[in-house]
Amino acid sequence: MKAIITVVGQDQVGIVARVASQLAELKVNIIDISQTLMHGSFTMILMGEWDGEQQSFDRIKTALADLGQQLGLDIRMQRQELFDAIQKL
Amino acid sequence: MESQQIMETIQMISEEKLDIRTITMGISLFDCIDSDGEKARTKIYDKLTKSARDLVKVADEIQAEYGIPIINKRLSVTPIAMVAAACHDDDYVAYAQVMDRAAATLGVDLIGGFSALVQKGYQSGDRKLIASIPEALSETTRVCSSVNVGSTRAGINMDAVSQMGHVVKNLAAIDPVSCMSLVIFANAVEDNPFMAGAFHGVGEADRVINVGISGPGVVKRALEQVKGEPIDVVSETIKKTAFKVTRMGQLVGNVAAERLNVPFGIVDLSLAPTPNEGDSVAEILEEIGLTSVGAAGTTAALALLNDAVKKGGVMACEHVGGLSGAFIPVSEDAEMIRAVSRGNLNIEKLEAMTAVCSVGLDMIAVPGDTSAETLSGMIADEAAIGVINNKTTAVRVIPVPGKTVGDSIDFGSLFGTAPIMPVNEASPADFIQRGGRIPAPIHSFKN
């Protein structure tokens, strides 16, 4: 299963490390990653892939949202088809 | 994919309140007809609860996985006047109660189809159903009702127009808030996912999934980027935005249909406002350049908006249907409410606006002493606009007992507040009491 994970908020030391280690713990493989400052906000976009039979979408989403709350960041996870549908012909 | 595009999509959902307004499952009840009303209602309950068993679950899953809010999960059924006609019951209130019970069991928000289609005349079931509307709606919480009184092919049934004025008055006397569950249509559509006017048309498949999109906030935000540009640029911007919004509706509809194993019907390309700030159709019109909705130029701006939404949306999905356009319900749009309170928007201007938008005089509160004949006159005017212009029009009007201009009625947080609007007090009673049928317009003869 694949999904797009976005991390947005105030820049701080260790965001990439914390998010990546949480994903590793959840057995989510990062297959693409980009990071920038957009309108002054730290913005990281990842594409994650995992075995859907081992780990439910909900569980990963909730774990990431919890991490976001700890770090004061907005972490979302959404299926890629949404972005393709809206942005691609 | 570009990061910019991903972030734009997320912003559309999180900041501009883009959502799927409704996933509506249409269910045919023709196979539930029985001469014994009790048996018919048992079959209806069983069919509804079986057919839509997973609707709420699937909608919640889609919301979680795709990150798109899905605001309402609804059902629409075959007009009950047809389903119940074979039974010998004296009234059809028990049919509304069984619809309500099935909706509650399933956890869906609303169920539409306590309806009759009388544009050319009444069959026996139509009379009983219409007479049952006040009691049916006041004794249920999730049932929605609609009556189609005119069509471009049939003309306008003035007997029904006259009767519906009284039905609205009677319903308001019991509970004015229930009036928001009753719509009187001309040219009603058979695949509308929006309430209160949804019913499952007779030409539809046994079950179907229809999706209604929303997104006034997204359109307004896009227009903020083209301030002062020529109107062509405004139109292009609305089209592009409507395209993106509709693509999301198509995606959600496809996924829902596949998971529920039900055919996907249509996407209804409507801009549906809510009372929440930033979710207003009136604010789009003001962004186009009006100081207030209701100003001279409002009808033209709305015509442009309505047309551009359709043009943008049509290419974005496989099948377009329902009402498709901009909704202008007064009490469900924060800026409309303010415009009425400021004195910038009146019923006459709203009526003109309904000639170019997707529905009609919607969620309008009027003084409690407004006569049934005046309400019928408003219904007749709207039906005439629809019938002559070959479009759907509707009236959802609330005569609030004991209240007058300057007062307001509160429908609860989701449905907003409606200021009582003044109505022309000259009586149309002699016109309404003539009864009969306004013939179909000359341009309806197309064969």
- request: Figure the gain on full extension for residue B:342 and residue B:46 (residue separation times 0.36 nm, minus the Cα-Cα span) and round it to one decimal in nm.
  value: 101.5 nm
- prompt: Can you give the longest stretch of chain B with no exposed loop site, where a site means trypsin sites (Lys or Arg not before Pro) in a DSSP loop (not H, G, I, E or B) with at most 11 other C-beta atoms within 10 Å?
  reply: B:1-226
message: Using a 10 angstrom Cβ neighbour count of at most 11 plus a DSSP loop assignment to flag exposed GluC sites (Glu not before Pro), which longest range of chain B is free of such sites?
response: B:3-276
- line: From DSSP H assignment alone, runs of 4+ in chain B each adding -39500 (n - 2.57), the sum over residues rounded to the nearest 500 puts [θ] at 222 nm at -13500 deg cm²/dmol
field: ³J(HN,Hα) computed for each position of the range B:82-96 - Karplus, 6.51 cos²θ - 1.76 cosθ + 1.60, integer Hz, glycine/proline x
entry: 7, 5, 8, 4, 6, 8, 9, 5, 7, 9, 10, 4, 4, 5, 5
Alpha-carbon centroids, the range B:24-80 and the range A:38-68: separation in whole Å: 34
Mean Cα-pair separation over length for chain B, i.e. relative contact order, pairs under 8 Å, 6 or more apart, %: 17
query: For the range B:217-281 and the range B:87-164, what is the separation of their Cα centres, given in Å?
result: 31
Antiparallel DSSP beta bridges within the protein assembly as shown, percent to nearest 5: 55
message: Using each residue's phi in the range B:245-262, evaluate 6.51 cos²θ - 1.76 cosθ + 1.60 at θ = phi - 60° and report the 3J(HN,Hα) Karplus result to the nearest Hz, with x for Gly and Pro.
response: 4, 5, 4, 5, x, 5, 4, 4, x, 4, 5, 5, 4, 5, 5, 8, 6, 10
task: Give a residue-ordered list of calculated ³J(HN,Hα) values for the range B:325-330 (Karplus: 6.51 cos²θ - 1.76 cosθ + 1.60, θ = phi - 60°; whole Hz; x for Gly, Pro).
output: x, 9, 8, 10, x, 4
Inter-site label distance for residue B:443 and residue B:407 at 7 Å from Cα along Cβ, in nm: 4.2
- prompt: If R0 is 30 Å, what FRET efficiency do you get for residue A:81 and residue B:415 from their C-beta distance, rounded to 0.05?
  reply: 0.35
- request: Kindly identify chain B as rounded, prolate or oblate by the Cα gyration tensor criterion: order the square roots of the eigenvalues as a ≥ b ≥ c, call it rounded if a/c is under 1.5, otherwise compare a/b with b/c, prolate if a/b is larger, else oblate.
  value: oblate
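We did not get these values from a lab; they are worked out from the coordinates using the rules stated. It should be emphasised that the depicted structure is a prediction, and the values quoted were computed from it without experimental measurement. Cβ coordinates were reconstructed from backbone atoms using ideal geometry, including for glycine residues, and neighbour counts include every protein chain displayed.
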